[in-house]
Amino acid sequence: MKELIDKLAENKIISRDEFKVLLPCDEVYLHEKAREVRHKIYGHQIFMRGLIEFTSYCKNNCYYCGLRRDNTNAERYRLSKEQILDCCYKGYDLGFRTFVLQGGEDNYYTDDILAEIVREIKTTYQDCAITLSIGEKSYDSCRRLYEAGAERYLLRHETANDAHYSSIHPPEMSPINRKKCLYDLKKIGYQVGCGFMVGSPGQSIDHIVDDLLFIKELDPAMVGIGPFIPHSSTPYAREKPGDLRLVLNTLAILRLMKPNLLLPATTALGTLDRNGRESGVLAGANVVMPNLSPAQVRKKYLLYDNKICTGDQAAECVACIGKRMERIGNKIVVSRGDCVAI
Ligand code: SAM
Ligand code: SF4
Ligand code: FES
């Protein structure tokens, strides 16, 4: 197993069968090696992103997500431009230099409204980066938002296997369009993030290998990996959550495949396991994304059950995550946290 891990770290070609051996393995050396590679590039610094969940309305109906339009139990809200700017104001003070605007696909926010929000954040906080995570948009809309000042875009591909994609989404959603959007975003100039859930219903180890190969080809700056966690008001209410070790091994393998990748230890990972984010960092992750959304709306942005941090203020999360990182020998830094060139 060690030889295989070294082979991956040396950027040698790994076969599908070798990935299939590595993914579920119980080998501490995989995480040790991933950490070593991360330390070489990013030291013990952990980048922080402020997540602003600005709308819980969504026109889509992804089978796995608590915000899907058919979930009539979900409470919906939208933040105004002023509320979003207030989150940035508080966030800047807490040391955030990246703001991630995330939401359901909500047509209330037209290109004009979004461009105005982006422009205003960018003019007020010139030393900050803006990431958008607002689903699939047209090439022209994405270009307008890029020109308004958004530099990064996070659009998880969800699964690179087209048949699997079609099994976890309704027929109107297309895996081809999802992938095309990612290539369009790169073409426009965005630093792009893709990603997927580990353990989504019907996912096999072969599908995860498809994901790894797709990521290699797309060559994104960031990859968001977290466990699938069921939501009680979705068609997948009775499905099992993703496996912790498989999430951690996927993170470690990605770190070895692309040493300078930005890899968050996600909130879903922290929900699956109380020390999930620490374990993620110890397996090679180098980003955390504490919640900056106003406390009164947090309980309404429920993608899955038992989501952590829904009762906390931004300052509490920053202090909590800072301590958690220090306990494992790492340090949160005040930085935009760009992907370094190697
Ligand atoms: N609407 C945008 C989109 O779909 O790209 C951005 C927001 S969406 C809630 C962000 C991510 O949440 C999705 O890409 C998906 O991978 C993740 N997600 C949704 N439901 C989930 C669940 N039940 N468990 C874990 N992650 C989930
Ligand atoms: Fe909407 Fe995104 Fe949830 Fe799909 S994953 S239902 S697009 S918020
Ligand atoms: Fe939110 Fe710990 S990170 S309370």
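The values are calculated or read from the model by the stated rules, or taken from the named source; none is laboratory data. Being a predicted model, the structure only gives us computed values, none of them experimental. Here the Cβ positions follow ideal geometry from the backbone for every residue, glycine too, while neighbour counts run over all protein chains shown. Quick note on the areas: whole protein, heavy atoms, side chains included, nothing else; ligands and nucleic acids left out. Shrake-Rupley method; radii C 1.70, N 1.55, O 1.52, S 1.80 Å.
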Loop-only check: which trypsin sites (Lys or Arg not before Pro) in the range 306-342 are DSSP coil with at most 15 other Cβ within 10 angstrom? Arg336
q = 0.07, 0.08, 0.13, 0.15 Å⁻¹, the chain: log10 I(q)/I(0) [Debye, one scatterer per Cα]: -0.26, -0.34, -0.98, -1.37
By accessible area (1.4 Å), largest first, Lys186, Lys12 order as Lys12, Lys186
Kirkwood-based Rg to Rh ratio, the range 278-342, C-alpha trace: 1.01
Cα-based Rg (one decimal) and Dmax (whole number) for the range 232-342, in Å? 15.0, 44
Cα convex hull of the range 265-311, projected area averaged across orientations, nm²: 3.2 nm²
Running Debye on the range 87-199 with equal point scatterers at the Cα sites and no solvent, what base-10 log of I(q)/I(0) appears at q = 0.15, 0.20, 0.21 Å⁻¹? -0.68, -1.08, -1.15
Not counting ligands, DNA or RNA, and with a 1.4 Å probe, what is Lys137's accessible surface area in Å² rounded to the nearest 10? 50 Å²
Placing +1 at every Lys and Arg Cβ and -1 at every Asp and Glu Cβ, with all other atoms neutral, what dipole size does the chain have around its Cα centre, in debye to the nearest 20? 400 debye
Which of Asn260, Val247, Thr159 sits closest to the plus end of the dipole of the chain, meaning its Cα is farthest towards the positive end, when Lys and Arg get +1 and Asp and Glu get -1 on the C-beta? Asn260
Need the full-extension length gain, Thr110 to Ala319, defined as separation in residues times 0.36 nm minus the C-alpha distance. One decimal, nm. 71.7 nm
With +1 at each Lys and Arg Cβ and -1 at each Asp and Glu Cβ, the charge dipole magnitude of the range 143-258 around its Cα centre, to the nearest 20 debye, comes out at 280 debye
Place a point 7 Å from Cα of Ser232 in the direction of its Cβ. Which residues in the range 265-284 have their backbone N less than 14 Å from it? none
Determine one quarter of the surface area of the Cα convex hull of the range 121-275, which equals its mean projected area, and express it in nm² to one decimal. 10.3 nm²
Taking only protein heavy atoms and a 1.4 Å probe, the highest-to-lowest accessible-area order of Glu151, Glu10 is Glu10, Glu151
Hits among lysines - C-alpha to C-alpha of Lys59 under 24 Å, sequence gap 8 or more where chains match: Lys81, Lys137, Lys179, Lys180, Lys299, Lys300, Lys307
Which of Arg274, Arg69, Arg97 is most accessible, then next, and so on - probe 1.4 Å: Arg274, Arg69, Arg97
Give me the one-decimal Kirkwood hydrodynamic radius in Å for the range 1-98, with the sum taken over alpha-carbon pairs. 18.1 Å
Quick one: accessible surface of Thr266, probe radius 1.4 Å, all protein chains present, in square angstrom to the nearest 10. 20 Å²
Estimated dipole of the range 1-63 in Debye, rounded to 20 [Cβ of Lys and Arg +1, of Asp and Glu -1, Cα centre]: 280 debye
Pull up the cross-link candidates among the lysines for Lys2, meaning alpha carbon to alpha carbon under 23 Å and not fewer than 8 places away within one chain. Lys12, Lys20, Lys33, Lys40, Lys216, Lys258
Once ligands and nucleic acids are excluded and a 1.4 Å probe is used, how much of Thr72 is accessible, expressed in Å² to the nearest 10? 130 Å²
